[in-house]
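Asks: One structure is given below, represented as C-alpha cells, and several questions about it will come after.
The values are calculated or read from the model by the stated rules, or taken from the named source; none is laboratory data. As the structure is a computational prediction, the values presented were derived from the model and not from experiment. All Cβ positions, glycine included, derive from the backbone under ideal geometry; neighbour counts span all protein chains shown. Only protein heavy atoms, including side chains, enter the accessible area calculation; ligands, DNA and RNA are left aside. Shrake-Rupley method; radii C 1.70, N 1.55, O 1.52, S 1.80 Å.
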Amino acid sequence: MVTLAKDALIHRINYFRRTMQNVKPISSIPLSTYRIQFHKDFNIKAALDNDLPNYLKDLGVSYAYSSPLLRARPGSTHGYDVVDHDQLNPEIANDSQFHDFSGKLRGNGLGLLLDIVPNHVGIAHPTSKWWFNVLENGRASPFANHFDINWDAPEHKGRLMVASLGSPIGQVVANGEVKVVFNEENPLASENNDEDPKLGSIQLHYYSNPFAVDPTTLVSVLQKVQNDSIKSIVEALKKLPHRDTIGDLSQEHETARTKRAEEWKGLKKKISEVMKGDEEARAAVEAALKELNDDKERLYAFVQEQPYRLAFWKSANDELNYRRFFDINELMAIKTERPQVFDDSHRLVFQWVKEGRVNALRLDHPDGLFDPVTYTRKLQKEVQKHLPADFKSRDKNPETPFYILIEKILEPGEDLSHDWNVQGTVGYDYMNVLNDVFVDTQNEKAHRELYKKWSRDPEQSFENLLYNCKKLILASSMETELNTLSNVLYKIARSHRSAQDYSSKSIKLALSEFIAHFPVYRTYITTETTKVDETDAKFIQHAVDLVKSKSVQIDSGLAQFISDILFLKGEESVSEEEKKARRYFIMKFQQVTGPVMAKGLEDTSFYRFFLLTSLNEVGGNPDAFGISLEEFHKNNEVRAISWPTAMSGTSTHDTKRSEDVRSRINVLSEIPHLWSSTVQRFAEIGAKHKSHVEGLGQVPERNEEYMIYQTLVGVWPIGLQKGDDELVDRLTNYLMKSIREAKLRTFWTLTNQPYEDAFKSFVDKVTRDEEFLSVFHKFQKKISEVGKLNSLSQQVVKLTAPGVPDVYQGTEVWSLSLVDPDNRRPVDYKASQKILREIQSKVKPGASAQEYEGLIKSLNTDTDNGGIKLFVTQALLNARNEYSDLFLDGDYKAATVSGDRSNHLIAYTRQHNNQRLLVVAARFFSKLLDSQNNLQFENGSDLSGKWEGHSVKGYIEGDYIDILSGASHSASGGSLDLSKVLKLQPFAVLVSSANPTSR
C-alpha cells in the first residue's frame, strides 16, 4: 500500500499540479535518452547541484533515463535490489527533491524514462518489507505467495530455506554467532514513509544480520517472565493462530491471516512500548533472552521453530526452495503474474506516471517472468488508466500508446514479436550490429590463426565451449533450479505409461542436455497456447536435434517424451490435471533456460574466449567476426519498418566494455599481422613478470595473457605514461572478476589466493615496466588515435540510424570503462559542461561554415578531452529535435558509393515526406591512413584527399546542409562528390533544405 498519509498525499498531488501548470509538453516517444546511474554517492540532489536538467537540454537530450528509483537495499550502487515497491529510495531522494528534479526536466521539455524491476526483490535485509513479513509469518504471511517459493518442497516441510550462514547451523549456534535480541529501531522506517522509526522488536541476529521471528515462538521465551505487562502479551500471543493452520489461499484462511497480522502489529507495538517504558519489564525480558542464548539446545530448538530454515550458504545451490535472479541468493523472484503482486509492485510507479513525473518505462529482465508477454500486454493496458490528462500518444499503433522498452537479449536469428505491445528492446542487438560493422571481416582467417597460438584449447569450437559452460552452470550455481524442474517432470513421467520407468537421475540428466543445447534465452509458450509458433518451434527443434545427435547418453525415448511435452503433443489424450502439470513444467522450463544461457554465455564463455574481446558483448557472439555492409544495411532497413523507436545503445551499466574501449580493440581487426608481432613482443617482455604457481604452472597462462594485452590496449587512459595506482586498481578489479567468472582456476565461492596474487603481481609489474611501456606506448597511441575515429563514426551512425539513441552517462566524451563497477565511476559533469559552453559560444545558431571549420579544427588539434565527440553528440541530438519526424518516421535505404575505397564508407539515406537525410561515415581507418597497415602515419589522423574519385549515388537530388560542418552541398544528376563532403571530417550528416519539424 502507498505509505503516505492521506492528507500528505493530497497535498503532494495538489502541489505538484500547481507547479507543473506551465511546463512544456513533451513527446510521448523519446527522440533520445541519457542514462543516469543514481545511488547514494550520486543522488538526485547531486544531479540538481550539477544542473543536470539544463545540461541535458543543452546537449539536446529528449528524455533522462533513470536507473531504478524505488527503495533498494541500503548502499545499493545499481538499484536492482528493490526492497520496497511503495517507497522512493531515501538514499536517492526525498519526495520534494524528486519533485524538483522531475519538474525541472519537464520545464526544459524533457521526459523521464524509468527503469523498473518486475522480476525480483532484494531480500536478506530488514528493509525488505515483504521478505521480513514472510520471515515472521511463513505461509501465513499476506506476502507468502508474492514470492516464487516452493512451500511444498518435502525436504523443507513448509519452511523457507535461507542460506545466509558462513557455516552449518549447528556450528553457528554452538559458537554463539546467532542470538535472540531486542532491536531498538524499526528498519522499515525512512523519511519517505510513515513507519515509526522507534518501533523496536525481538529479532534473531546472525552477527549484525537481523531476522524476524514468528510471534507464536516468543511464548516459550517470555512465559516465565514475572511481569504483568509481559504476561498479558504472552496470553495474547497464545491466541494467535499458528502459521501452519492458516497457510493456504482459501478465503477462510485469508481472513485469519489478516486478523493475525493486525493483532501481531498491535502486540509488537505493545512489546516495544513496554521494553522502552518499563525498566523492570525490560530487565526481565533481557534476562529471559540471555537465558535462551546461553542454553544452546534451547536456542537451536527456537531457531528451528521459525518459518524459515537458516542454513549454510554453500547448500543453496542444492536445496534452495525459491526462484532467484540468476544465482544470486539475495534477489528473490516474485510472482508478478498474480494480480495482487502486480498491483503491489506497480502502485507507486503508476502514481508517478499519473503525476507526469514518469513518462516511459524500461523493464528489467522480463525473461525471468512466468509469462513475459502477458505481463507486458497487461502493463501497457494498466498504465493507460493512469496517464495524465494532457497525455497525447505519438505512437501510430493504438496497442502501444505508452513508451515501454524491455531488456531482452535477442540471439542470432531471433526476432521480437509484436505481441509484446512494447516499442522494442533496450538495444543490445543493435549495439552488436553497429560494433560489428567496424570489425574487418577480411582479416577473420588471420585472426583465427593468431588466436590458435594463444588459446587454451585451439581445437575447441565456441559452440562446444558454450555447451560445456552451460553444463557447468547447471551442475553448480543453477543446480537447485534444475532439481526443481526435474522433480516436476519426474512426477509427470510417473503417470505416463511410456515414461514411468525413467529414473529421476536420468530425467535430470536429459533436462540438463536440453537446456545446455538450447540456442536462445527462452521461448514464450503460455497456458493459453494451442500450437507452438514457428519461431519457438525452430528453437525447440534445434535443441531436440542436438540432444538426439550428440547426447548419446540420453535414451531416445526419454528425449522424445520431453520433446513431445515442449511441442504440446498428446495433451488432448491426457487428463486435465496432467495437462496443467505439463504446461506448468513448460513455463518453469522457460524460466530456467534464460539464466543458464546468461550465466553460461555472458558470465563464463565471454571470460574464456578472446578471439577479439570487443566481440564479447552482451547480446553478441564472440565467434562471429564482424558483419558485412550489406548485413548492416539490411538490419537497419528492417529496424526502420519493424522497430523504429526501439533503443539504440552502445554503452550501458551492463556492458563488458564501453563503446570507446571496443572502438580501440576493433582497430586490431584491421592489422592482424602487426598485432601478431606486437603482442608477441609484449609477451617476451612480460615473461619475466610471470609467477610459477604450484599445480598451475606459469600465471597468467597464454589465453589469459592475450586477454590482458587486449584490455590494456583498449582501456589505457589518454595521456598516461606509466601505470599508476588508480589504473592498476581498476585493472586488478576487472581481471579478478574476469578470472573468477571464467571458473577455471579460481571462483567467487572458492578463491585460489596464490593464483590471484600471481595475476595481480603480473598486472602491477607489466604496467610499470619501462621496457614494456616503451613498446606498448608506441603501438597503443596509434591505436588510440584510430580508435577515436572509430568512436566518432559509430556515434554518428548511432545518432542518425533508425531507433532512439541512448547516451550512457559520461559517454558524450571519451569514456574508457570496463565491466561494472568500473563503468559506474563518477562522471565529471562540470568538465563536460565547460566544454559544451565553449562549443556553443563558438558556433551559435546560424553560424557560418567558416565558423564551424574553425571550431572543428580547434577540437581536432587536441582531441584528448573528448570535445570533438561532445560536439558531434550535441549537434546530432539537437538535430533530432529539430527534425523529429524525419528521425522517428523516416525510412532507411543504403546509398551506393563508388570509388576504390567504397568498402570504407557506411552511407545511407532516410526520408520522410519532403525531408531527406544523407549520412556518410568512414570505417577501417588504419588502412586509410597507412596502405601497408603498419600504423605508420605521420600526418596524424588527417584523411583529406583520401576521397578523390569517390561519390555517393542514389535518390539524393537536391540541396543539403551538413549538420556537422555547416557546409552546403548540392547533388546533381543523382550524385554527390565525397571529396568535398568529407573534406573536413571522415563523416557527414547532410539534411535537405526543407523545413524542419518542431519538437
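Asks: Given a 1.4 Å probe and every protein chain left where it sits, what share in percent of the accessible area of the range 864-921 is carbon and sulfur?
Replies: The C+S portion of the solvent-accessible surface of the range 864-921 is 33 percent.
Asks: Let me ask something else. So who's got an amide H within less than 5 Å of the one on Ile627, skipping anything under 5 residues away but keeping other chains? H placed 1.01 Å off N, in plane.
Replies: Result for Ile627 returns Val437, Val439.
Asks: What base-10 log of the normalised intensity I(q)/I(0) is obtained for the range 180-248 from the Debye formula, alpha carbons as equal point scatterers, at q = 0.27 Å⁻¹?
Replies: -1.15
Asks: Starting at the first residue of the range 315-324, write each ³J(HN,Hα) from the Karplus equation 6.51 cos²θ - 1.76 cosθ + 1.60 with θ = phi - 60°, in whole Hz, x for Gly and Pro.
Replies: So the J values, rounded to whole Hz, are 8, 4, 5, 9, 10, 4, 10, 9, 7, 10.
Asks: Note the per residue figure in Å³ for the convex hull of the C-alpha positions in the range 457-600.
Replies: 105 Å³
Asks: A follow-up question, please. From the phi angles alone, apply the Karplus equation (6.51, -1.76, 1.60; θ = phi - 60°) to the range 147-158 and give each ³J(HN,Hα) in whole Hz, x where the residue is Gly or Pro.
Replies: Result, ordered by residue: 9, 8, 10, 8, 5, 9, 4, x, 6, 10, 6, x Hz.
Asks: May I pose another question? How big is the range 701-858 on each of its three principal axes, counting only the C-alpha atoms and giving the largest first in Å?
Replies: Sorted largest first, the three principal extents are 64, 37, 28 Å.
Asks: Taking the 0 to 90 degree range and rounding to the nearest ten, how far is the long axis of helix 95-107 tilted relative to the main principal axis of the chain, both from C-alpha atoms?
Replies: The answer is roughly 30 degrees.
Asks: Here is a follow-up. Do me a favour and compute the ellipsoid semi-axes for the range 636-765 from its Cα gyration tensor, root of five times each eigenvalue, largest one first, whole Å. Please list the in-between numbers first.
Replies: On the way: eigenvalues 198, 76, 44 Å².
They are 31, 20, 15 Å, listed from largest to smallest.
Asks: Next question, about the same structure. Evaluate the charge dipole of the range 129-332 about its Cα centre and quote only its size in Debye, nearest 20, assuming +1 on the Cβ of each Lys and Arg and -1 on the Cβ of each Asp and Glu. Kindly include the intermediate steps, with their values, before the conclusion.
Replies: Values: 27 positive and 34 negative charges, 57 e Å.
Around 280 debye, computed over the range 129-332.
Asks: For helix 702-715, what angle does its Cα long axis make with the longest principal axis of the chain, in degrees from 0 to 90 and rounded to 10?
Replies: So the helix axis and the longest Cα principal axis differ by about 70 degrees.
Asks: Under 8 Å for C-alpha pairs, at least 6 residues apart: give me the relative contact order for the range 457-600, rounded to a whole percent.
Replies: 35 percent
Asks: Continuing with this model, one more query. Which distance in Å, rounded to a whole number, links the C-alpha centroids of the range 508-558 and the range 728-783?
Replies: The range 508-558 and the range 728-783 have Cα centres spaced 40 Å from each other.
Asks: Mind checking the per residue accessible area of the range 457-600 for me, 1.4 Å probe, whole number of Å²?
Replies: On a per-residue basis, the range 457-600 sits at 45 Å².
Asks: So how far apart, in nm, are the two label points at Thr441 and Thr535 if each is 7 Å from Cα heading toward Cβ?
Replies: Spacing of the two 7 Å Cα→Cβ label points: 2.4 nm.
Asks: Can you work out the FRET efficiency for the pair Arg298 and Ala236, with r the C-beta to C-beta distance and R0 = 25 Å, to the nearest 0.05?
Replies: Step by step, r from the Cβ atoms, then E = 0.65.
Asks: Related question: For Ile116, what is the net charge nearby, where nearby means another residue's Cβ is under 9 Å from its Cβ and Lys, Arg count +1, Asp, Glu -1?
Replies: Here the count lands on -1.
Asks: Using a 1.4 Å probe on the protein heavy atoms, what percent of the accessible area of the range 457-600 belongs to carbon and sulfur?
Replies: So the carbon and sulfur contribution to the accessible surface is 49 percent.
Asks: At what distance in nm do the modelled label points of Asp757 and Glu414 sit from each other, each positioned 7 Å from its Cα along Cα→Cβ?
Replies: 4.3 nm
Asks: Roughly how big is the range 457-600's charge dipole about its Cα centre, with Cβ charges of +1 (Lys, Arg) and -1 (Asp, Glu), in debye to the nearest 20?
Replies: On the way: 19 positive and 19 negative charges, 65 e Å.
Charge dipole of the range 457-600: 320 debye, to the nearest 20.
Asks: Moving on to the next point. Mind jotting down a quarter of the surface of the convex hull over the alpha carbons of the range 112-195, in square nanometres, one decimal?
Replies: 8.5 nm²
Asks: What fraction of the DSSP beta bridges in the chain is antiparallel, stated in percent and rounded to the nearest 5?
Replies: On the way: 53 of 81 bridges.
Approximately 65 percent, going by the DSSP bridge assignments.
Asks: Would you mind counting up the charge near Ile169? Only other residues with Cβ under 12 Å from its Cβ, with Lys and Arg at +1 and Asp and Glu at -1.
Replies: Surrounding charge for Ile169 is +1.
Asks: Could you go through the range 849-863 in sequence order and give the Karplus-derived ³J(HN,Hα) for each residue, using 6.51 cos²θ - 1.76 cosθ + 1.60 with θ = phi - 60°, rounded to whole Hz, and x for Gly and Pro?
Replies: Coupling constants for the range 849-863: 4, 5, 5, 4, 4, x, 5, 4, 4, 5, 5, 7, 5, 9, 8 Hz.
Asks: Stick to Cα atoms and the Kirkwood definition of Rh, then tell me Rg/Rh for the range 129-332.
Replies: 0.95
Asks: Continuing with the same structure: Provide the solvent-accessible area of Ile246, counting protein heavy atoms only and rolling a 1.4 Å probe, rounded to the nearest 10 Å².
Replies: That residue has around 10 Å² of solvent-accessible surface.
Asks: Under a Cβ-Cβ cut-off of 10 Å, what is the net charge of the residues other than Val715 that fall near it, where Lys and Arg count +1 and Asp and Glu count -1?
Replies: For residues surrounding Val715, the net value is +1.
Asks: Report, in deg cm²/dmol and to the nearest 500, the calculated mean residue ellipticity at 222 nm for the chain, where each DSSP H run with n ≥ 4 adds -39500 (n - 2.57) and the sum is divided by the residue count.
Replies: -14000 deg cm²/dmol
Asks: Over the chain, one equal point on each Cα, no solvent: what is log10 I(q)/I(0) by the Debye formula at q = 0.09 Å⁻¹?
Replies: The Cα Debye sum returns log10 ratios of -1.09.
Asks: If you project the alpha carbons of the range 23-151 onto their three principal axes, what span does each projection cover, largest first, in Å?
Replies: 53, 28, 21
Asks: Evaluate the charge dipole of the chain about its Cα centre and quote only its size in Debye, nearest 20, assuming +1 on the Cβ of each Lys and Arg and -1 on the Cβ of each Asp and Glu.
Replies: On the way: 124 positive and 137 negative charges, 143 e Å.
Rounded to the nearest 20 debye, it is 680 debye.
Asks: Given R₀ = 22 Å, FRET efficiency for Lys392-Asp885 by Cβ-Cβ distance, to 0.05?
Replies: Between Lys392 and Asp885 the formula returns 0.90.
Asks: Residues with amide H under 5 Å of Gly158's amide H, sequence separation 5 or more or different chain, H placed in the peptide plane at 1.01 Å from N; which?
Replies: Long-range HN contacts for Gly158: Ala153.
Asks: Could I ask something else about it? Taking all protein chains together and a probe of 1.4 Å, list Ile586, Ile26 from the most accessible to the least accessible. The partial results should precede the final answer.
Replies: Values: Ile586 0, Ile26 35 Å².
Highest to lowest solvent-accessible surface, that is Ile26, Ile586.
Asks: Can you give the convex hull volume of the alpha carbon atoms of the range 837-973 per residue, in Å³?
Replies: Dividing the Cα hull volume of the range 837-973 by its residue count gives 131 Å³.
Asks: Please give the per residue accessible area of the range 841-934, computed with a probe of 1.4 Å over protein heavy atoms only, in Å².
Replies: On the way: 3680 Å² over 94 residues.
Accessible area per residue, the range 841-934: 39 Å².
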